[in-house]
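Report on the structure given below.
The values are calculated or read from the model by the stated rules, or taken from the named source; none is laboratory data. Every value quoted in this text rests on a predicted model; they were computed, and no experiment measured them. For neighbour counting, all protein chains shown are included, and Cβ atoms are generated from backbone atoms with ideal geometry for every residue, glycine included. Just so you know, the surface numbers come from the protein's heavy atoms only, side chains and all, with ligands and any DNA or RNA stripped out. Shrake-Rupley method; radii C 1.70, N 1.55, O 1.52, S 1.80 Å.
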Amino acid sequence: MHLPIRHSRRTKRLRHPPRRGLGLLEVLVGMLLLAGSLVGTLAMQARLQQFSQHTRQQQDAIALASQLAVLLRAHGHLLAQAAVPWHWQATTQAPAPGSCSDAPCPDPQQQLAHALSGWQEQAASLLPQLRLQICPMAAHAPLPTDWSCPADSAATVLLIQLGWQHDAPTGPSRLPGLILPVALPRLGLP
């Protein structure tokens, strides 16, 4: 025979505890933690994007300086003879390439102007805020770390100084971002 089991109220409560949901305070704390982590993630992503852009600008500047160094090794003696710094900014208009587009230029000055105009066009497209200074100097002179130029009439080295805006364009760059000395070949020697 089967006897019914009597359950007291206490037994029923233990078997089926009352159900409780999350309280408002727990939900708010969870949302604050989630919002804080999202803001931190977005800030880190923005910083990584800035770093990536700065790295790309440095790579572009190094490539441009290397191309300019090759050009100066071929034609730089003309700038060295002038014994004054040569300045250019990407915001200025590049000079017309001249008559060297169809046939080789007979004049070394025209060759240099034509080669520089092609370089300037490429530089302005890669780094629109680029500033360039080419400074003729003696090999034994100390390298400047700012835009000063110890120009020398006995120049054996051309110093390429490049600067560009790293952040928002608020003004001219204060210091060159890249300084590259280019030794000139000795003219008249075999």
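Using only alpha carbons, segment 108-162 has a radius of gyration to Kirkwood radius ratio (Rg to Rh) of 1.03.
For GLN129, the residues whose amide H sits under 5 Å from its own are GLN165, ignoring neighbours fewer than 5 places away on the same chain, with H placed 1.01 Å from N.
For GLN161, the shell of other residues with beta-carbons less than 12 Å away shows a net charge of 0, using +1 for Lys and Arg and -1 for Asp and Glu. Label positions at MET31 and SER52, each projected 7 Å from the Cα along the C-beta direction, are separated by 3.2 nm.
Residues CYS135, CYS149, ordered by accessible area of protein heavy atoms at a 1.4 angstrom probe radius and largest first, appear as CYS149, CYS135.
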